[in-house]
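Student: First, the structure itself, so that you have it in front of you.
The values are calculated or read from the model by the stated rules, or taken from the named source; none is laboratory data. Note that this is a predicted model, so its numbers are computed, not measured. Ideal geometry is used to build each Cβ from the backbone, glycine not excepted, and the neighbour counts take in all protein chains shown. To get the accessible areas, we keep the full protein, side chains included, count just its heavy atoms, and leave off ligands, DNA and RNA. Shrake-Rupley method; radii C 1.70, N 1.55, O 1.52, S 1.80 Å.
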Amino acid sequence: VIFLIFFVGILSDLNKVQSPYKRFFLQIVVILALVFLSKIFISSIRIHLFDHLLTYVLFKYFFVIFCLLILINGSNFMDGVNTLLIGYFISVILIVIILTNKYDLVFEIQNLKIIFFILLVMFIFNFFEKFFCGDGGSYIISLFIGYYLIELSNLNLIISPYFIACLLWYPAYECLFSMVRKKIKKSKITGPDNSHLHQLLFIYFSNKLKFKRWIVSSLTGISINTYNLTIFFIALKNVSQTKTLISLIILNIILYNFVYLVLKKKIS
């Protein structure tokens with residue numbers, strides 16, 4: 001079922017489904033099918049009232065579908081510069097492999113290792129701008145990883161759900177921040193957005209560095225992922241510490257907004 005999301009992305013890449021509402025509907029149908037057949041739910045976020053709501057069938061379906069929708073669409077936004085999307089999920093899988101080995105967790109890691117090595121090959125081609133994920137690639141990669149991270153969290157209570165949130169904060173916030181930005185500007189939420197953080201950073205680097213476009217693009221992705229990988233290692237040291245992880249996520253959001261505003265001012 002999960003491969004169906006790849007074909008939804010392919011239809012988008014080929015402009016066979018141009019309407020964002022139709023794409024959104026198809027995404028919901030595929031994710032709903034995945035959740036229904038696999039019974040993969042988010043069991044807890046360690047907030048009593050919210051966890052109580054998660055005992056209701058309709059709400060737990062809504063919540064997991066909402067989270068996965070935010071993840072795949074935010075991940076699609078990240079494909080705007082070289083190495084960012086692929087490098088990000090390589091970093092996520094690397095942390096999960098280290099975590100699983102360190103704590104000897106109950107989790108089948110083999111599939112993620114296969115994805116890890118596939119992404120490494122794709123990263124090399126993407127670095128030299130010889131390969132792009134497109135909608136199809138970004139959808140399937142992010143949905144695969146999102147699925148496995150939910151399973152990892154559910155099988156191992158030692159892991160705070162905010163550790164998973166910390167691993168996926170960047171694509172999720174990219175999506176949510178884009179929606180808020182469009183709302184403030186009173187433009188269509190489903191419309192195009194060329195003001196993501198990585199795009200601003202790319203423009204800034206292009207003005208400062210006299211390199212070829214593909215080199216600047218790759219450096220942009222690597223710069224953002226270097227920060228995120230550092231955050232992931234800090235989170236790894238606090239895998240059970242919910243308060244620390246929440247603080248880390250808040251710090252990420254504050255820094256994101258600060259850097260965004262600084263870049264916006266510098267290139268305007």
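Student: Taking L58 as the residue in question, decide whether it is open to solvent by 70 Å² or more (accessible area, probe 1.4 Å) and at pLDDT below 95. Walk me through how you get there before you give the answer.
Tutor: Values: open to solvent by 70 Å² or more (accessible area, probe 1.4 Å): yes; at pLDDT below 95: no.
So L58 fails the test.
Student: Pick out the one residue from I70, I124, I40, I98 that is in contact (Cβ under 8 Å) with a residue 40 or more places away in the chain, loosely packed, with under 14 Cβ neighbours inside 10 Å and not basic (K, R).
Tutor: Every option except I98 fails the conditions.
Student: Take the residues in segment 127-153 that are within 23 Å of L26 (Cβ to Cβ) and touching a Ser or Thr at 6+ places or on another chain (Cβ under 6 Å), then tell me which one is most open to solvent (accessible area, probe 1.4 Å).
Tutor: This residue is D135.
Student: Still on this structure, I have one more. Using the structure shown, decide if F24 is under 25 Å from V180 (Cβ atoms) and either surrounded by fewer than 16 Cβ atoms within 10 Å (Cβ to Cβ) or acidic (D, E) (or both).
Tutor: Values: under 25 Å from V180 (Cβ atoms): yes; either surrounded by fewer than 16 Cβ atoms within 10 Å (Cβ to Cβ) or acidic (D, E) (or both): yes.
Considered against the rule, which asks whether it is under 25 Å from V180 (Cβ atoms) and either surrounded by fewer than 16 Cβ atoms within 10 Å (Cβ to Cβ) or acidic (D, E) (or both), F24 comes out as yes.
Student: Still on this structure, please answer the following. Using the structure shown, decide if I164 is without any contact (Cβ under 8 Å) to a residue 40 or more places away in the chain and open to solvent by less than 40 Å² (accessible area, probe 1.4 Å).
Tutor: yes
Student: Please go through segment 168-194 and give me each residue that is of a type in the set (S, T, N, Q) and either surrounded by 15 or more Cβ atoms within 10 Å (Cβ to Cβ) or touching a Ser or Thr at 6+ places or on another chain (Cβ under 7 Å) (or both), ordered by number.
Tutor: Matches in segment 168-194: S178 only.
Student: Spot the failing condition for I31; the list is (1) of a type in the set (V, I, T); (2) without any contact (Cβ under 8 Å) to a residue 40 or more places away in the chain; (3) over 16 Å from S153 (Cβ atoms); (4) crowded, with 17+ Cβ neighbours inside 10 Å, and only one is missed.
Tutor: Condition not satisfied by I31: (2).
Student: State which residue is modelled with the lowest pLDDT when the search covers only segment 195-222 and only residues that are among the hydroxyl-bearing types (S, T, Y) and open to solvent by less than 50 Å² (accessible area, probe 1.4 Å).
Tutor: S195
Student: A further question on this structure: For the subset of segment 73-95 comprising residues that are of a type in the set (A, V, I, L, M, F, W, C) and touching a Phe, Trp or Tyr at 6+ places or on another chain (Cβ under 8 Å), which member is surrounded by the fewest Cβ atoms within 10 Å (Cβ to Cβ)?
Tutor: L94
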